[in-house]
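Data block below; observations after.
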Amino acid sequence: CTERIVVVKNHDNNIGQLWAISPRGSGLEQLSLGRDTQKASPRVGPDGRIAFVGLNTTGYPLTGDLYILEKNRTETKVTNTSNIMRRGLAWDDTGGHIFAIQYQDNIKPDFPGGKLPERGHHPMPEGLANQLAMISAADGQIKQLALVHMAGNLGGYNGGYVYYSVGLWCYADIRKIDPKTGQFSSVADLKLADNGVRVSPEGDFIVFSSQPEDDH
């Protein structure tokens, strides 16, 4: 979306609605109207529809289900798993699939590719890990692509690859994965904040780096 920025703005009862604004700060417009779902992680698709995570309203809202805000302003619930994390979403270039991070428990930790945390960093807690998933926008069918550990963050879809971060707290690695084959590779092996990666249409990255005593 190059003409508008989509944001979440809190309303009554702390229910966030989707709004759009131009990069120059003009043309503020409310997009969503539904009052029963707290919205997070909006991502505009190639056809103008907006995917977002409808968060659980009880407890600390870390997860929920995947929704799509249609062009006519209706909200379509895509999944019924309640475990889609507010860790970013990404569309493929056709608008047929949405990529998301799913919370999982009771998974034996195993760093993809045999990569272990650097010495001095926290080991993976037993039983905690997350999955990168590809979800059909039409019927909600879910295909799990990769174990991303906690917490993981989606950077975007570009050139046939999904970019994401994988790691633990102050140790993270930017990776890309081919959703058709499941093959992944490392793009940047850095000490990055685990929730900080975005990929631009040109293939450049915006990241948050993490230093031993400070986050930047």
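Some points to look at:
- Wholly within the stretch 108-212, strands (runs of 3 or more DSSP E) carrying at least 1 residues that are among the hydrophobic types (A, V, I, L, M, F, W, C), at pLDDT below 70 and in contact with a strand residue (DSSP E or B) (Cβ under 9 Å, 6 or more places away or on another chain): 128-136, 161-168, 171-177, 184-190, 192-199, 205-211
- Highlighted here would be strands (runs of 3 or more DSSP E) found entirely within the stretch 21-100 that include at least 2 residues which are surrounded by fewer than 16 Cβ atoms within 10 Å (Cβ to Cβ) and touching a residue at least 60 places away in the same chain (Cβ under 8 Å), but there are none.
The values are calculated or read from the model by the stated rules, or taken from the named source; none is laboratory data. Just so it is clear, the structure is predicted and the values come from calculations on it, not from any experiment. Positions of Cβ are backbone-derived with ideal geometry, glycine not excepted, and every protein chain shown enters the neighbour counts.
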